[in-house]
Amino acid sequence: MAAPRRRVFVVGVGMTKFEKPGRRDEFDYPDMAKESASKALKDAGISYNEVQQVCVGYVYGDTTCGQRAVYQLGMTGVPVYNVNNACSTGSTALLMAKQFIEGGLSDCVMALGFEKMERGSLSAKYTDRTNPMDKHVEVMANTFGLEPSPVTAQMFGNAGREHMEKYGTKPVHFAKIAYKNHKHSVNNPYSQFRKEYTLEEIAASPSIHNPLTKLQCCPTSDGSACAVVASEEFVKRHGLQAQAVEILGMEMATDLPTTFQENSCMKMVGYDMTKAAADRLFKKTGVSVKDVDVVELHDCFSANELISYEALGLCEPGKAGELIDRGDNTYGGKFVVNPSGGLISKGHPLGATGLAQCSELCWQLRGLAGKRQVPGAKLALQHNIGLGGAVVVALYRMGFPEYHRTGRIQAMPTSAQVADFKSAALFDLMTKEIEKDGANLVKKVKAVYCFKVTGAGGKTGCWVVDCKNGSGSVKFDPNGKGDVTITMSDDDMIKMAMGKLNSQQAFFSGKLKITGNMALAMKLQQIMPKPGTGGTLKAKL
């Protein structure tokens, strides 16, 4: 008789803000990975030395990028596995990590995903060998033919067309999904896009492939996400019951014969494999889909979100339009789908997506999702799909709800601390200057400056530099106020301090914002580090 499988828990999660490719300086994949993994370890309250194996997912990169990504966390010699499974790469890495725990091979495993992408639509990288999507494209050619638009948009757009022909779905239903996801993303500091659009704006945006418009398609993105998973023994040994989210079940499926045999674009993009995985998941866990509160599903295009409602069992086949019209896919309805903004608005760095979904659902279950919190969320469903094909579905719930109700609830994942900002080194230098000659600076300046710095993940830090009272001081104060307020990004603050960004150019380009007493603002140069301190600052960084 087989030994019972061990319970598996997510004890720490972290992610970067998802960005337009190339937008953020010094954001190569090792930088992204370090940021998300460090956040996940900090969330779990453990060191990298306690991680016994690492599963790293990415699609675009050389063979051992996973090792390069984690070496900066610690050279501990643990196994590192590189995972590539199309758009479901991140959740595949998580599934592997779960299996290591479940099978008793490890007690603590890290699942890490990242992607550094090129701008524009995805394209094939190798033209001297069989394309793994050749059979999928053949199905589409047999049904709707081929057009000049991006291939993936054609595939999912044609799946939407098929649903319209079969069930009478209207273009407005796809637009409503995009409207919802963009609206949800406004409250997500990790989202690539945080702008709300009207339904009319979404429908009127440039057509990519009928019925899909630009605002119904996910962008390419840079970013990373991470989850630390552990055994029940590890959780209890480290006192993590209050935050441990149990992976109640997790299933993967690949293409079935119907993917190619029935000339159905809905099945070609994964309807049947999603249904097969979801059916197994609910059967094995003994949980009903009706009990699900919050869902993160793979909305690479609005058409895929719509057909996935039916494949996952959120509604009956052909009833997705009615579910949308009732508002049963958003706050106040039966399910809240993609509270993060989904791939359409949050972004889609391929290797990170599945782990970003995991992070969002863990925050939702722990009650740490801020303005996007789903009230009373107890059961969460994840769906991550990649053409070619692979789909991963998972169910999550709090592992020790009695501890969650009474135990220590961790701070919001977006709360800011000094260590989250590179420019903290700049304020350390200011502190030393004030300690040397603070009394004279107070006589000359007679002002309090509030520096509001925006860093990774949308976090905002605030330093108050007091050159008005006593012998002066520098302190980190999230609620700080001053005679003059300076607002700038973390990266630009460092560049300006090191002489790589001219302050006047920064001001007129909008990178530097100054409010308050402008006469006092002109005295800023007296408290900023003197020219020539760039080397000292670089050393501190």
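The values are calculated or read from the model by the stated rules, or taken from the named source; none is laboratory data. Computed from a predicted structure; not experimentally measured. Quick reminder, even Gly has a Cβ in these numbers, built from the backbone with ideal geometry, and neighbours come from all protein chains shown. We work out accessible area using only protein heavy atoms, side chains counted, and drop any ligands, DNA or RNA first. Shrake-Rupley method; radii C 1.70, N 1.55, O 1.52, S 1.80 Å.
Can you spot a residue in the stretch 85-93 that is touching a residue at least 40 places away in the same chain (Cβ under 8 Å), out of contact with any helix residue (DSSP H, G or I) (no Cβ under 7 Å at 6 or more places or on another chain) and open to solvent by 40 Å² or more (accessible area, probe 1.4 Å)?
No.
Condition check ((1) in contact with a helix residue (DSSP H, G or I) (Cβ under 7 Å, 6 or more places away or on another chain); (2) open to solvent by less than 10 Å² (accessible area, probe 1.4 Å); (3) under 21 Å from GLY354 (Cα atoms); (4) assigned to a helix (DSSP H, G or I)) across all residues:
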residue	(1), (2), (3), (4)
SER224	yes, yes, yes, no
PHE234	no, yes, no, yes
GLY239	no, no, no, no
ILE247	yes, yes, yes, no
THR259	yes, yes, no, yes
LYS267	yes, no, no, yes
ASP279	no, no, yes, yes
LYS284	no, no, no, yes
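Restricting the search to the stretch 126-178, which residues are in contact with a strand residue (DSSP E or B) (Cβ under 8 Å, 6 or more places away or on another chain) and among the aromatic types (Phe, Trp, Tyr)?
PHE156, PHE174
Which of the residues spanning the stretch 142-201 are touching a helix residue (DSSP H, G or I) at 6+ places or on another chain (Cβ under 6 Å) and among the basic types (Lys, Arg)?
Once the filter is applied, which keeps residues that are touching a helix residue (DSSP H, G or I) at 6+ places or on another chain (Cβ under 6 Å) and among the basic types (Lys, Arg), the stretch 142-201 yields LYS176, ARG194.
Of all residues being among the polar types (S, T, N, Q) and in a strand (DSSP E or B) in the stretch 186-218, which is surrounded by the fewest Cβ atoms within 10 Å (Cβ to Cβ)? Just the residue, please.
Result: SER207.
So how many residues does the stretch 440-451 have that are out of contact with any helix residue (DSSP H, G or I) (no Cβ under 8 Å at 6 or more places or on another chain), over 9 Å from CYS467 (Cβ atoms) and open to solvent by less than 50 Å² (accessible area, probe 1.4 Å)?
Residues flagged as out of contact with any helix residue (DSSP H, G or I) (no Cβ under 8 Å at 6 or more places or on another chain), over 9 Å from CYS467 (Cβ atoms) and open to solvent by less than 50 Å² (accessible area, probe 1.4 Å) within the stretch 440-451 amount to 1.
I'd like the full set of residues that are open to solvent by 40 Å² or more (accessible area, probe 1.4 Å) and within 17 Å of LEU350 (Cα to Cα), limited to the stretch 36-63.
Result: TYR60, GLY61, ASP62, THR63.
Outside the structural domain of GLN52 (by the TED database) and over 30 Å from ALA204 (Cα atoms): is that true of THR130 in this structure?
Yes: the conditions hold for THR130.
Counting only residues that are crowded, with 16+ Cβ neighbours inside 10 Å and touching a residue at least 24 places away in the same chain (Cβ under 8 Å), how many does the stretch 496-510 have?
2
Please go through the stretch 18-34 and give me each residue that is open to solvent by less than 40 Å² (accessible area, probe 1.4 Å) and either in contact with a helix residue (DSSP H, G or I) (Cβ under 6 Å, 6 or more places away or on another chain) or in a loop (DSSP other than H, G, I, E, B) (or both), ordered by number.
Correct list: PHE18, PRO21, PHE27, PRO30, ALA33.
Quick one: is SER288 assigned by the TED database to the domain that holds ILE247 and surrounded by 24 or more Cβ atoms within 10 Å (Cβ to Cβ)?
no
Do we have ALA425 as of a type in the set (Gly, Ala, Ser), under 24 Å from MET498 (Cβ atoms) and either touching a helix residue (DSSP H, G or I) at 6+ places or on another chain (Cβ under 6 Å) or at pLDDT 85 or above (or both) here?
Answer is yes for this residue.
Among the residues of the stretch 101-109, is any in the same structural domain as VAL245 (by the TED database), touching a Pro at 6+ places or on another chain (Cβ under 8 Å) and acidic (Asp, Glu)?
Within the stretch 101-109, none of the residues are in the same structural domain as VAL245 (by the TED database), touching a Pro at 6+ places or on another chain (Cβ under 8 Å) and acidic (Asp, Glu).
Is it fair to say LYS432 is assigned to a helix (DSSP H, G or I), assigned by the TED database to the domain that holds LYS523 and over 42 Å from the mean Cα position of the chain (by Cα)?
Spelling it out, it is not the case that LYS432 is assigned to a helix (DSSP H, G or I), assigned by the TED database to the domain that holds LYS523 and over 42 Å from the mean Cα position of the chain (by Cα).
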